[in-house]
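Below you'll find the structure, written out as C-alpha cells, and then a few comments.
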Amino acid sequence: MIVAKRKPFDEIKDFLKDYKKVLTAGCGTCVAVCLAGGEKEVAVLNAELDMARRLDDNPIELGAITIERQCDREYLEALDSMVGDYDAVLSLACGAGIQFLAERYPEKPVFPGVDTTFIGVNQDVGWYEERCRSCSSCVLGLTAGICPVTMCAKGLYNGPCGGTNKGSCEISKDQPCAWYMIYERLSKQNRLDNILKITPVQDWQNQKPRTVIQPGYKTSENSAEK
Amino acid sequence: MRLDYPSNIKIIRVPCTGKVDVMHLLRAIQKGADGVYAVGCLEGACHYNEGNLRARERVNHVRRLLEEIGIEGDRVRMYNLSSGEGPTFAAYAREMAENIKALGPNPLKQH
Amino acid sequence: MKSESNLEKVLSAGHFAFTGELGPPRGANAEEVRKKAAFLKGNVDAVNITDNQTAVVRMSSWAASLILIQEGLEPNFQMVCRDRNRLAMQSDILGASTHGIKNMLCLSGDHQSFGDHPMAKSVFDIDSIQLIGMVKQMRDEGIFLSGNKLDEAPKMFIGAAANPFAEPYEWRVLRLAKKIAAGADFIQTQCIYNMDRFREFMKRAVDMGLTEKCYILAGVTPLKSVGMAKYMAGSVPGMDVPDELIERVKGAGKGKAAEEGIKIAVEQIQEFKEMEGVAGVHLMAIEWEHRVPEIAKMAGVLPRPVV
Amino acid sequence: MAAVNEINKGMNDRRATYIEYAQAVPLAYAIDTEACIGCGLCENTCLAKAVKYDDKEEETKVTVGSVILSPGTKGYDPSNLDFLGYGKFPNVVTSEGFERILSAGGPYFGHVMRPLDREEPKSIAWLQCVGSRDINRCGNGYCSSVCCMYATKEAMIAKEHIHGDLDAVIFNMDMRTFGKDYEKYFLRARDKEGVRYVKARVHTVSEVPETGDLIVKYVDESGERKEEIFSMVVLSVGLTIPDSAVELANRLNVELNNYNFAATDPFAPVETSRPGIYTCGVFQGPKDIPGSVTEASAAACLAGADLSEARGTETKTVTIPEQKDVSDQEPRIGVFVCNCGINIGGIVDVPSVQEYAGRLPNVVFTDSNLFTCSQDTQEKIKEKIKEHNLNRVVVASCSPKTHEPMFMETLEACGLNRYLFEMANIRNQNSWIHSKAPDLATQKAKDLVRMAVARAGTLKPLAQKVISVTQKALVIGGGVAGMNAALNLGKQGFDVVLVEKDAQLGGFSRSLHHTIEGGDIRPYLDKLIGQVKGHEKVEVITEARVTGFGGYKGNFSTDVEIGSKKEKRTIKHGVIIVATGATEYHPKEYLYGEDDRVVTQVELADRLEDKGASDLKTVVMIQCVGSRNDEMQECSRICCQNAVKNALHIKRQNPDAQVFVLYRDIRTYGLLEDFYKEARERGVIFIRFENDAPPDVKSSAAGILVSVKDHILQRDITIRADLLALSAGMRAADTDELSGIMKLNRNQEGYFIEAHVKLRPVDMPGEGIFLCGTAHGPKLISEAISQSQAAASRATTFLAKPEIKLSAITAKVDTEHCVKCLTCVRTCPFGVPMFNTELGIIEIDDALCHGCGSCASICPRQTIKLSFYEDDQLACKIDALLAGGM
C-alpha cells in the first residue's frame, strides 16, 4: 500500500490563503487505509481550516468529498460537477492521485494535503513501515525476501558494510541491518551461495517516468512501451 | 453526591470514551465551545479494555491540531476517574473551568 | 605491475608496508594539508586521503591527493559511493590517474546521517564491491562500466577495506573474498583492538588462500585517551574495543593515557610484523599526524624502504 | 449533627443523616439514631415523606427452598496488641483505614496524608499477619490469604499518589502472592516500583513524640536486632468472622470450625453441615474477591439445583403491542419536565423550562410532573403519546442510569420503539449541583432540554435482535472440574455434552490420592464418574477432539472427532464450559530423570501410598521447581500444601524420618496454615533459600547430596537424602489447537483468561463461554469443585431463558463504502469485526458486538456507525448546545 502522511497544517494553509472556496478531496483507497486521506481526515482538515481562517478574518468555504480512488479516471468523474464551484482543490490522495486530478482540471489550482511517503506495510493501527522502493528489478529472490534497496540505508547490493552494529544498522540501533537479516535468513535456508557471488551493478529503471502495459493488454499501436 | 461545579459545563453521554472522535472534540471548539473534555474510566479499568487509552491519544492529537491552528490546546483535556468518585468529578470540573477562565473565551467567537 | 605505485612496489618486493592517513581540511586551506603531510613524509609508504570522512564536507580527496604529490608523498586516493554516481566516479578516476594518483581505496562511505548534511540525498548508485570491479575493468580491460572502450586506461593499485569485527563474523572473511574476487589488490582493515578476533580472522583468510591473492594491511589507531577508548567501544558501529584494553588505558593514570595508547599500538604493530598473512600496517592516527614519526620509530618500521 | 464516620475509620466526621458510602446498596439515606437529636428538620424537608423516626425492626417470614449464608467478614481489631500502638499512636492505622486514606471518597479525598498532622508520609511500613498466623497473641492460626496482595497494592497506590519518593516497606514472614497473575504483580512492585520487602515479624512499634514518626523494631533473618523509623505504620489486619455471624450460624444449627468459619468438606466446599444451607465468601474460609465471587455463584448453583423444578413458576409476563412504523413521519416530540418533588422544582423554574421546550423545533407537546417516574405519570405519558401522536419522547429529569429502561418500556407499551427516547438530566447534572444559583440552573436546564430535543429528532427505531438459545451445554474436559460442571448443569435440568480427550474420565486427579485434610480422592472420583455417567441429562463422549467451532452466545456449533476411527459429530449448544485442566511440570532441574531417587511430589505421594515411609531416613523437598522463575513467573499455588501434606504423611508413618523442606515462601494460605504449623511441630525442618541461590544437588552412592545456604545459620549446609522430592509446579494442558479453533485467549502461561479478574472470574470474554478448574490457573481440588459449580451457575443464567434479546446498540458496517482496511479488526477490544473471506467483506456480528463504539470512531472512511450514538446523533447535541451561545 502507498503510505502518506498529512502535510504540516501551516503549509496547507499557506497554499490556500488566496482562495475563498476550496474543495477538499479525499481518496478512499491507500491513503484512507493508512489513516491520512479518507473521509475522516477530510473532515478533520476542513474543521481545522475553517477555524484557522476564521481566526485570520479570512473565512473560507469548504467542500468535502472522498472518492474511491483518485488514480482512476472513472472515479474522478464524480468531481466534474463540483469542481467548477470552487476556486481550488485540495487533494489528500497520494502524489499519483493528485497529479491525475490536476491533469483532469488543468484550469484549477490543485494542492497536495499529504506527503506521499512510501510503499509499505501495516504493522498496527496507525503504524506503517516501508518495504519497497519500486526499483523495477526485484532482487528479493536472491536476498531471502528482504529488500536491500529499501531496507539497507545505503542500498547496498553486496552488503553488509563495515558499519553493521550487532545486527543493527550504523545509522541507528533501532534500525535492523538488512544485510545482517539477509545473511541470517539465507544461512538458515542454506542459501548463502546466493550472496557469495558478486551482485553486478544495477540498471536503474526508476530514473524516469515509467509506463507498464501488461502483456495482452496493449490496446493501440500508439501506446507502445515507453 | 451533590457537589457543586460550574453550571457552564454540560455533559454529553457516550457509551465509552473510545467512541469520542477527533471530529467531536474539534466540532465543539469549531462551534464555539470554550473548552471540551472527555471523562473516562481510570486507565487500566476501561469497561471495554482500552477505550480510554484511545481517547487519551485522540485528545492529545486534538490538542496538537488546535495548537497548529493557533488555538490553545489546553482547551481540550482528558480526565480519568472511577464511577464512585463524585468529588473527583466535581474537582476536575472546577479545575477545567478554572483552566478555561484563565485561557479566556474561545478566540473563534470574536471572528 | 598494475600501477607502479610506491605502495605496490614496497609490497611486491616483500617489505612490510606502513601507510598513514590524512584528513583534508574543512576549507580551501592547502597549508593545512602540507603541514600534516610534513609529519608523514619519510615515515610511511603511502598516505590515505579520506573522502568526506564521516560524511562531513572537506576538501575533495583527489585535490588533497595532488597537494601530497607536490610535497613528494604518495597518496592513496579514497573514494566513497555515497557522493558520486558512476559517471562522476569514472571521470574522477580518469582525472586522478592523469595527475599521477596511483592508489585508490574503494569504500561504501559512512551514511550521510552522521555528517554535517544529514538530510542530503545519498547516491549509492553502485556499492563498494561494484566500485572495485569497475576500477579493475577500467584498468585491465580498458572499458567503462557501460562497456564502451576508454582511451588510455587509468593505472590504479586497487584497495578495499575490511572490518573483521562486525557481525556476522563468519561472513566477514567471505565478504573479504568477494572484494578480492572483484579485484582488490590490497586491503586495509578497520582499526584493530580485539587481537584475538583479528588473529582468528587472519587465520581463516590464510586458510582460504586469500593472502596469496591480496595484501592485507592491518589497521591501527592509537587510543589517545580513556574517553576515546570508551567512545570507540560504545558509539562507533562495527568497532570492537575489549574492556581489558579500556582498563589498561585507564590504569595508566592521569596524563599518561596517550603514552599507554601509543605503547599498545606499537605492541600491536610488532605482533603484526610476525603474523602470518599480514603484509603491512595502516596507521590511522586521527588528528594526531604529528605523533606518527615517533610511533613509526618505536615500532621499528623506519627507515622506509626505497624501491 | 456531626457523627464519627465509621467507614473512614473515624478519621473524619459525617452528618447524622447520611449515606454510608458512595457505593452503598441501596444508595439511600439513613439516620444515625445515636447522633440524631430528633429536631424534625429532615422530616419536614422530605417531600416524599420518607423519614420515619419511629421506624422499627419488623419480623417477616419467607418460605424458601434453600439458604445461602454469606455474612461476610470483619477486619481484625488490633487494639489489644499494645506492642503495635494502634489506637495509641495516631500514625498507626489499619490496612482498612489506609484504604480509606487512599480513596477519593475517604477522609482526605484521596490525598495520602497521615492522621496526626495531615503531612504526606515519606515512608510507610506495612506489618503483615496482624491477627493472622498468630495463635499466641490473637488465637487466629489461619492465614487470611489476602493481606500480602492488598499490602502490595496499597504500597503501589501510595507510591503513585505521593509525588515525591515514598519508601514503602512490607515486613512479612512469607509473601503469599499465590493467585493468578499475583506473582507478576508482586515482582512489579518489588523490582519496578521499588517496594521493599523485609523478612521479619516486627516486635515493637513506638513513637518519636516530637515528630509522630514511628520506630519499628524487628529481628532480621540472621537474628540481628534492627530498627527503622517510618512516617506511618499500616497494620495488615486479617479477616475474622464477626460475632453476629457466629450467632446466626448457631441459630441455624450450622457447624463452625475452631476459627468460626463454616465447616465444609473438601469435596463439597460450599455446602454447610446442614443440607439445603450453602455458604460462600470469607464465612467459608479466608479468601479474596475472585474466590468469593466464584463461591457465590457456586452456592447459587447448588441452591438453584434444589429449586430447579420451580423455575419459571410465579412469574408474570408483560404483553407489548405491535410497534408503529414512524420512519416516514416528521419528528413529533413530546417533552416531559420533572419537578422531582423539590429536587428540581425547588431550584429550577420548571414552568419556564416547559414553556421554552414548547418553542423548540419539532416539539408538539410539553408537560411537567411532580414525579415523572411515578406509576401514574407513566399512564399519563402513554395517554399523551396517543393523544398527540408523539413519535419521540424527551424526559427532562434525572440520570438515565436509573430510569431510562422504565421510560423506554412506557414507550413500548404504546407501540413506540424504545430507542425513540432521550433524557435530559436536569437533576444530578443541574439542580443538585447548582442549587445556589437558581437562574443559572434554569438556564442550564433549558440548554440540556434543547440538546435532548435536538438529539431526539435524529433518533431512529432500532430492532433488538432476539435469538433463541439452544438449551444445551458443552463441557470441554472430563476432569473433576468438567464433571462437576456437567453434573450440576444436569441437576439444573439442562442437557449437557461432556467431551473428554482421553478414554477415561478423571483427568489429572486420577494421579492423586488424598487431600491435605485427609479426603480420599479415589472413592470421590469413582462416585463422581458414576454420577456423571448415570445422569440422564449428561452425555459423555470420550476420546473426543474438537475440530471445528462456530456461532455465538446461545447458538454455538462444535465439531468433534471421536475415537480412533475419527467419527465426526457436530454438537449444537448454547453455552460452553472450558475445563481443560492442567498437569504437573516435568522438571528439567535437580537430576530429575537422571537419578531415580529424585521424584516429584505426585510420585512421592504414589510411593507413600504403595510402600509407606518406614524405609525412609531422610527426605528433602525442594519448592518452586518450575514455578516463580524466569521461564514461569507465576506461583503454582498448590505445591506448598502438597509438600506439607507429604511431609506430614511421612512423619505420621515414620516419626523418626527426617524431612527437610527447602522453600522460598511457604504459601499455605487460609486454613492450610494449620497443617504447616503441624508439620513444624512434628519436626519437619523448613529452610528458606533465595531464588538466586538455589540448592545444589549431587548424586552419590550414599544418597542424594543437597546443599543449600541456611539463612538463619548464615552458612551452607549439606543434607544426604534417600529421596529428593521436587515440588514441580503446574502447567496448563496443551490447548494450542483448541484455543486456536475456538478463538479463546490464554495468558502467557497458557491458562485461559477470564472476562474480569475480580468480578467475572468464571466468565470468559466471549459471552456464553465459561471457565473452571485448573484451565483457569493452578488450584486445589476443592477450589476446582466450587469453581465448576460457579461456571454451571453462570451457564444456567443463559440456559434458563429460551430466548435472548440483544442490545440494539451495536456497530454496523456500510460494506458498500468499506475499504476493508482492517483498522476496526485491529481496534476492537473483543475481536468482533472479521473479514469474511467468502463474501469478501468486513462483518460485525450483532450478537457479539459489545457496543463500545471504538471501531466507529476510528474508521477512516466513516463507514461504521454505532446505533443510538451515530455521529450526527452526537454532533447535533454539540451543535444544539452551542447554538444557544455559551
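Where a number appears in this text, it was derived from the coordinates with a stated rule and is not lab data. All figures in this text were calculated on a predicted structure; none of them were measured in a lab. In this analysis, Cβ positions are derived from the backbone assuming ideal geometry, glycine residues included, and neighbour counts consider all displayed protein chains.
3J(HN,Hα) couplings calculated from phi for the stretch C:118-126 with the Karplus curve 6.51 cos²θ - 1.76 cosθ + 1.60 (θ = phi - 60°) are, in sequence order, x, 9, 5, 7, 8, 9, 6, 5, 10 Hz; Gly and Pro show x. Summed over qualifying helices (DSSP H, 4 residues or more, each -39500 (n - 2.57)) and divided by its residue number, chain C shows a 222 nm mean residue ellipticity of -12000 deg cm²/dmol.
Packing around the peptides C:141-153, D:96-108, taken as the average count of other Cβ atoms within 10 Å per residue, puts them in this order, highest first: D:96-108, C:141-153. Computed over Cα pairs, the Kirkwood radius of chain B leads via Stokes-Einstein (0.890 mPa s, 25 °C) to a diffusion coefficient of 170 µm² per second. Beta bridges per DSSP, both residues in the protein assembly as shown: antiparallel share near 40 percent.
Distances between placed amide hydrogens fall under 5 Å for D:His514 paired with D:Ile521, all partners being 5 or more residues away or on another chain. So for chain D: antiparallel DSSP bridges make up what percent, rounded to the nearest 5? Antiparallel bridges: around 50 percent, rounded to the nearest 5.
Along the Cα-to-Cβ line of D:Leu591, 7 Å from the Cα, sits a label point; which residues in the stretch D:664-703 have backbone N less than 14 Å from it? Those under the cut-off are D:695-703. Each of D:Ile864, D:Ser636, A:Leu192 was placed along the dipole of the protein assembly as shown (beta-carbon charges, centred on the mean Cα), and the one lying farthest toward the positive end is A:Leu192.
Under a 5 Å amide H cut-off, with hydrogens placed 1.01 Å from N, D:Tyr419 pairs with D:Leu462 among residues at least 5 apart or on other chains. Listed from fewest to most Cβ neighbours within 10 Å, the set D:Thr823, D:Thr797 follows the order D:Thr797, D:Thr823. If you count Lys pairs in chain B whose Cα atoms are under 17 Å apart, skipping same-chain pairs closer than 8 places in sequence, the total is 4. Rounded to whole numbers, the Karplus 3J(HN,Hα) couplings from phi for the stretch A:100-117 are 5, 5, 4, 5, 6, 10, x, 7, 9, x, 10, 10, x, x, 10, 9, 6, 10 Hz, using 6.51 cos²θ - 1.76 cosθ + 1.60 with θ = phi - 60°, and x at Gly and Pro. Basic side chains Lys and Arg get +1 at the Cβ, acidic Asp and Glu get -1 at the Cβ, and with that the dipole of the protein assembly as shown about its Cα centre reaches some 1440 debye.
Each of D:His203, D:Asn140, D:Phe109 was scored by the projection of its Cα onto the charge dipole of the stretch D:74-240, and the greatest displacement toward the positive side belongs to D:Asn140; charges sit on the C-beta of Lys, Arg, Asp and Glu.
For chain D, the mean residue ellipticity at 222 nm estimated from helices alone is -8000 deg cm²/dmol, where every DSSP H run of n ≥ 4 contributes -39500 (n - 2.57) and the total is divided by all residues, rounded to the nearest 500.
Charged side chains reduced to their Cβ positions (Lys and Arg at +1, Asp and Glu at -1) give the stretch D:307-423 a dipole of some 100 debye around its Cα centre. Here the peptides D:716-726, C:200-210, D:479-489, C:47-57 are ranked by packing, the mean other Cβ count within 10 Å, and the order with the highest first is D:479-489, C:47-57, D:716-726, C:200-210. With the charge dipole of the protein assembly as shown set up from +1 on Lys and Arg Cβ and -1 on Asp and Glu Cβ about the Cα centre, the Cα lying farthest toward the positive end among the listed residues D:Val51, C:Ala46, A:Ala36 is that of C:Ala46. Remark: the stretch D:776-792, residue by residue, has Karplus-estimated 3J(HN,Hα) of 8, x, x, 6, 7, 4, 4, 5, 5, 5, 5, 5, 6, 5, 5, 4, 4 Hz, where x stands for each Gly or Pro and the curve is 6.51 cos²θ - 1.76 cosθ + 1.60 at θ = phi - 60°. The alpha-carbon of D:Lys758 sits under 18 angstrom from the alpha-carbons of these lysines, leaving out residues fewer than 8 places away in its chain: D:Lys153, D:Lys180, D:Lys184, D:Lys287, D:Lys779. Shielding value for A:193-202 is 5, the average number of Cβ atoms from other chains within 10 Å of each residue's Cβ. Among residues other than C:Val249 with Cβ under 12 Å from its Cβ, the summed charge is +2 (Lys and Arg +1, Asp and Glu -1). For A:Ser168, the residues 5 or more places off, or on other chains, whose built amide H falls under 5 Å of its own are A:Cys177. Around the Cα centre of the stretch D:631-774, unit charges on the Cβ atoms of Lys, Arg, Asp and Glu (plus for the first two, minus for the last two) sum to a dipole of about 440 debye. Taking the DSSP beta bridges with both ends in chain A, the antiparallel portion is around 50 percent. Pairs of Lys residues in the stretch D:475-628, spaced 8 or more positions apart or belonging to different chains, with C-alpha separations under 25 angstrom: 25 in total. Please give the helix D:639-653 orientation as an angle from the longest Cα principal axis of chain D, in degrees from 0 to 90, rounded to the nearest 10. The answer is roughly 40 degrees. Estimated at 0.36 nm per residue, the fully extended path between D:Phe83 and D:Arg274 surpasses their Cα-Cα distance by 64.6 nm. Using alpha carbons only, the radius of gyration of the stretch D:553-638 set against its Kirkwood radius gives Rg/Rh = 1.19.
Peptide D:431-437 has a mean of 4 when you count, residue by residue, the C-beta atoms of other protein chains within 10 Å of its C-beta.
Filter the trypsin sites (Lys or Arg not before Pro) in the stretch D:330-421 down to the DSSP loop ones having no more than 11 other Cβ atoms within 10 Å, then list what survives. Taking the stretch D:330-421 and a limit of 11 other Cβ atoms within 10 Å, the loop trypsin sites (Lys or Arg not before Pro) found are D:Arg359. For peptide B:56-69, the mean count of partner chain Cβ atoms within 10 Å of a residue's Cβ comes to 3.
Here is the result for the stretch D:475-526: no chymotrypsin sites (Phe, Trp or Tyr not before Pro) lie in DSSP coil with at most 16 other C-beta atoms within 10 angstrom of their C-beta. Among the trypsin sites (Lys or Arg not before Pro) in the stretch A:1-91, those located in a DSSP loop and surrounded by at most 16 other Cβ atoms within 10 Å of their own Cβ are A:Lys17, A:Lys20.
All C-alpha pair distances within the protein assembly as shown, sorted into 10 Å bins from zero, spread as 1, 6, 10, 13, 15, 16, 15, 11, 7, 4, 1, 0, 0 percent across the bins.
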